[in-house]
Amino acid sequence: MECFGSIQEAVRRVRLRLRADTFDGLVWLVNITPSIAGFDITRKRIAKPFWILHLSLLTYVYGVGSFVYQAKHAEVASDFIKSFVNVSILVLTANNSYWWLMQRDLLQKVLRKAKESDNCTINAGLCVDKHKRLLYLIKCILISFYGFNLGNEFTTYLPKRADLNESTFSMTPCVGIEPLTTSPKREICIALVSIQELTIVIVVLNFQTTMVLLIAHTSAMYLLLSDEIITLNTLLTDPSKYDLVKERLADILYRHALTLDITSDLRALYNMPMGINFGSNAVCICFFFFLSLEEYLNFMPIMTYCFFVFFLYCFLGQRLTNAAEVFSCAVYSCGWEMMNMKEQRAIFTMLVQSQKEVDLLAADLIPVNMRTFASTCQAIYKFTTVVKL
């Protein structure tokens, strides 16, 4: 009975966490799997066994498997194309693994600043309902992203990987354990491949959900600041409320500086991983167009994932840029002309800062926005059309 009661209590706590539209609840949501695997995003220390297992299997299954296949078994162009898709997955996973191990201090710094910004918004008490709606929207995006990719992995992709058919994915599974038609070698290989795919999902999927949380939350802070600074217009019509105007303005100035600081940290945190992920996703999408229909269907889960993640990166970057532009317009329309000189100087400083373009860059070169998404898709289409002709 005590065990049953503990389970009920745990389920109740999970339900409360899921229902709460708070920043802490969102961090808990994206931290469920990392905390179980041993690399909790709120702590500095990590569990070495998971990473030893993950990186060892990644090198063995994808690294050695792809090399042996290309060296001994690849014959036609489609074999090499499918094999290079595996190499792209290897690069993507290694990049995200390196990020988890080497960027933890900066990640935790950004989380602390985002938490402080969120607390300041709550304490201001002006846009409580909109704040909850925006956090609820972020929660829906995170749950949908988790659900879509996990369903894609466990219902379609993993079962085909576990078939150990070398020709399906153009990779030699479990080099050195052959022949895989006998027991227990086949079962051992299935276990190794399945564990490897599971660790890849944990590393890659949680890298992306953490990124979604931080970028979407920063965009939400810009939108809330926009609504709050516009309220100064109404207050300025009543001279007796000027002290309240100065108090709110000081709070908005601090939170805007904090949000700019977070944006700068996000650039440092994600510029290189985004650049590598952009490249690997674009290469994968290009390669898929050269496959036959049957081969294309086998790789459909990877194709869907690459396209979805590529779109999500660009959508989030565009949303951040748009939110910053909305705030810039709100600063100009806040009624600064009715303020005293001291407050006008503060507004001018904030206006100058807000008019600087806020965007994320992949590899410090490529703007992450919907224009990049459209132009890249157009370039991929043109390239594959010309080559096929």
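Only the coordinates and a few stated rules stand behind these numbers; no lab work does. Predicted model, so just to flag it, every value in this text is computed and none were measured. Because the Cβ atoms are built from the backbone with ideal geometry, glycine has one as well, and the counts that use them run over all protein chains shown.
Stretched out fully, how many nm does the piece from residue 128 to residue 250 gain, at 0.36 nm a residue minus the Cα gap?
Net length gain for the segment: 42.0 nm.
Per 10 Å bin, what is the whole-percent P(r) computed from every C-alpha pair distance within region 61-140?
Going from the shortest bin to the longest, the percentages are 15, 24, 18, 17, 15, 9, 2.
Going by a ≥ b ≥ c, the root eigenvalues of the Cα gyration tensor, does region 258-389 fall in the rounded group (a/c under 1.5), the prolate group (a/b larger than b/c) or the oblate group?
It is prolate, given that a/c is not under 1.5 and a/b is the larger ratio.
Relative contact order for region 30-388 using alpha-carbon pairs under 8 Å, separation at least 6, rounded to a whole percent?
Relative contact order here is 22 percent.
Of 44/113; 246/342; 139/356; 82/160; 241/342, which pairs sit farther than 18 Å apart, going by alpha carbon to alpha carbon?
Those over the limit are 139/356.
With each label point set 7 Å from Cα along the Cα-Cβ vector, what nm distance links residue 237 and residue 365?
5.3
Rounding to the nearest 10 and keeping the result within 0 to 90°, find how far the Cα-based axis of helix 128-152 lies from the longest principal axis of the chain.
0
Would you pull out the residues with amide H under 5 Å of residue 366's amide H, same chain only if 5 or more places away, H placed 1.01 Å from N?
Those qualifying (amide H under 5 Å, at least 5 residues apart or on another chain) number zero.
Once phi is turned into ³J(HN,Hα) by the Karplus curve 6.51 cos²θ - 1.76 cosθ + 1.60 with θ = phi - 60°, what whole-Hz value does each residue of region 244-251 show in order, with x for glycine and proline?
Once θ is set to phi - 60°, the couplings for region 244-251 become 5, 4, 5, 5, 5, 5, 4, 5 Hz.
Each label point is 7 Å from the Cα along the Cα-to-Cβ direction; what then is the distance between the points at residue 353 and residue 13, in nm?
Distance between the two pseudo-spin positions: 3.9 nm.
For the chain, give the magnitude of the charge dipole about the Cα centre (Cβ charges: +1 Lys/Arg, -1 Asp/Glu; no others), in debye to the nearest 20.
In total the dipole reaches around 420 debye.
According to the Cα gyration tensor, what semi-axes, each the square root of 5 times an eigenvalue, does the equivalent ellipsoid of region 334-382 have, listed from largest to smallest in whole Å?
For region 334-382, the semi-axes come out at 40, 11, 5 Å.
In sequence order, what are the phi-derived ³J(HN,Hα) couplings for region 17-24 according to the Karplus relation 6.51 cos²θ - 1.76 cosθ + 1.60 with θ = phi - 60°, rounded to whole Hz, with x for glycine and proline?
Those phi angles translate into 5, 5, 7, 6, 9, 10, 5, 4 Hz.
Return the distance in nm (one decimal) between the two label points of a simple spin-label model at residue 261 and residue 45, each offset 7 Å from Cα along Cα→Cβ.
2.9
Could you work out the helix-only [θ] at 222 nm for the chain, with each DSSP H run of four or more residues adding -39,500 (n - 2.57) and the total divided by the number of residues, to the nearest 500 deg cm²/dmol?
Using -39500 (n - 2.57) per qualifying helix, the result is -26500 deg cm²/dmol.
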